[in-house]
Amino acid sequence: MLSEVASTYDRTAGSGRDVEGQIVLRAVARRTDLALPPGFKAEGHGGQTTPAATPWIGVFDENSHRDPKKGLYLAYIFSADLKNVTLTLQQGITWLEERLGRGRAREEHLRYHAARLRRAVRRQERQGWIDEPKLRDPAARPRAYEAASVIAKTYDTADLPSDVTLMEDLLLGIQSLRAAEEADRAWWMSDAADALEMSYEPGSHTTRPVSDPLAHFRPKDSSAYVAQIRARQQVKQRSHEKLIKDFGHHVAERGYEPITDLQHPKDLVLRPGAAAESSDEWLVEAKVVRNANPTQAVREAVGQLYEYRHFLYQKRPEPFLIGLFSEEIGAYAPYLEEQGIASIWRDGSGWDGSLKAREWGMTSD
């Protein structure tokens, strides 16, 4: 199949139904001679109205996420000159266009997150794999494919390895896909200090007021759960989720609309209640203070708030920033205020906070 695509695809021939290379790609999904692992399906992509500079074949888990516009997936991507084809663990790129455009900002974000995900893939098991392929085309999409690659194995289309070798590499790619997906989920479900970083998945934002201030507030389960972290089993407490849940209900009573729906990786977004005419938004990062020492929690909150504001609000008005903590942070409250970040923390059965937080009416009376 890979040889057929390399020998028939012609970008200059267009994307019509009678174009040989396009026929080969469209037929991939119907082929029965591909020795794919059980539960996996291949689909060819050569462009729709415009021929693709770098045609590709996606390998998707039929029981899982199959949208290459976002999420993680495997793909065989051909270089523009068709001399190479690369099996790559890819991040979806299309969904980032609205927030980051199609240029350098998107590529920087993809590379940053690829480096995070790469930590979950055991390096010793992927000898001969690289980080990024060379697709040899200056267009935005091929450059984004390069930046979105977590790991990659490149083959010479004139001298492809045996089917056995290709299958071994594909199985390793599937193992890496599973590990990267699990790491992505484990990070944002965990409040551990050494947890893996999360993926960006900003959703659409509605500006319409809602009558129920908790209509879009669905904090995660706060019960204990079992997680596999760094090859050992641990029981984690979802105190992070309980902190968000309790604060969300409190701030709703203060006239704000707490939102968690479609906000990942953001912990919480606050907007004025239905009666308000303001379009302001507050970005909240929640942190659990460990062993009565707020240093690590404050550092993480600062980094993530600045990071999310930079990447997720490039085409939107900047939000107000809030660090939400499980207990008082002492001298760090005025420090955060100097950085333009308000702070709020549990105070017994209520909530206390910095000057800005009090001015916004988000603390307890």
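Given Cα pairs under 8 Å that are at least 6 residues apart, what percent is the relative contact order of the stretch 1-100? List each step's numbers first, then the result.
Values: 156 pairs, mean separation 19.4, N = 100.
Value for the stretch 1-100: 19 percent.
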Interchain or sequence-distant (5+) residues whose placed amide H lies within less than 5 Å of the amide H of Tyr256 are none
With all protein chains present and a 1.4 Å probe, the order of Arg118, Arg254 from largest accessible area down is Arg254, Arg118
Taking a ≥ b ≥ c as the square roots of the eigenvalues of the Cα gyration tensor, with a/c under 1.5 meaning rounded and otherwise prolate when a/b exceeds b/c and oblate if not, the stretch 1-117 is oblate
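To two decimal places, what compactness ratio does the stretch 255-294 give when its Cα radius of gyration is scaled by 2.2 N^0.38 Å?
Working: Rg = 13.2 Å, N = 40, 2.2 N^0.38 = 8.9 Å.
Computed over Cα atoms of the stretch 255-294, the ratio equals 1.48.
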Any GluC sites (Glu not before Pro) in the stretch 5-111 that lie in a DSSP loop and have at most 12 other Cβ atoms within 10 Å would be Glu62
In this structure, the FRET efficiency calculated for Tyr112 and Asp163 from their beta-carbon separation, with R0 = 45 Å, to the nearest 0.05, is 0.80
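Based on the Cβ-Cβ distance from Glu4 to Gln48, what FRET efficiency comes out when R0 is 22 Å, to the nearest 0.05? Don't skip to the end; give the middle numbers.
Numbers: r = 20 Å, r/R0 = 0.93.
Rounded to the nearest 0.05, the efficiency is 0.60.
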Taking a crude spin-label model, label points 7 Å out from Cα along the C-beta direction, the Gln175 to Gln127 distance in nm is 1.3
A correct Karplus calculation of ³J(HN,Hα) over the stretch 294-301, with 6.51 cos²θ - 1.76 cosθ + 1.60, θ = phi - 60°, whole Hz and x for Gly and Pro, returns x, 4, 5, 5, 5, 4, 5, 5
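Take the cross-link list Lys245/Lys356; Lys41/Lys266; Lys83/Lys315; Lys41/Lys153 and give me the ones stretching past 29 Å between alpha-carbons. Kindly include the intermediate steps, with their values, before the conclusion.
Values: Lys245/Lys356 22 Å; Lys41/Lys266 33 Å; Lys83/Lys315 39 Å; Lys41/Lys153 20 Å.
In this structure, Lys41/Lys266; Lys83/Lys315 lie more than 29 Å apart at Cα.
Using a 1.4 angstrom probe with every protein chain in place, what is the largest-first accessible-area order of Lys245, Lys356?
Lys245, Lys356
Shape call for the stretch 251-365 from the C-alpha gyration tensor, a ≥ b ≥ c root eigenvalues: rounded (a/c under 1.5), prolate (a/b greater than b/c) or oblate? Working shown, then result.
Working: a/c = 1.72, a/b = 1.21, b/c = 1.42.
Oblate shape, in that a/c is at least 1.5 and b/c is the bigger or equal ratio.
The values are calculated or read from the model by the stated rules, or taken from the named source; none is laboratory data. What you see is a predicted model; the values in this text were computed from it and never measured. Ideal geometry is used to build each Cβ from the backbone, glycine not excepted, and the neighbour counts take in all protein chains shown. To get the accessible areas, we keep the full protein, side chains included, count just its heavy atoms, and leave off ligands, DNA and RNA. Shrake-Rupley method; radii C 1.70, N 1.55, O 1.52, S 1.80 Å.
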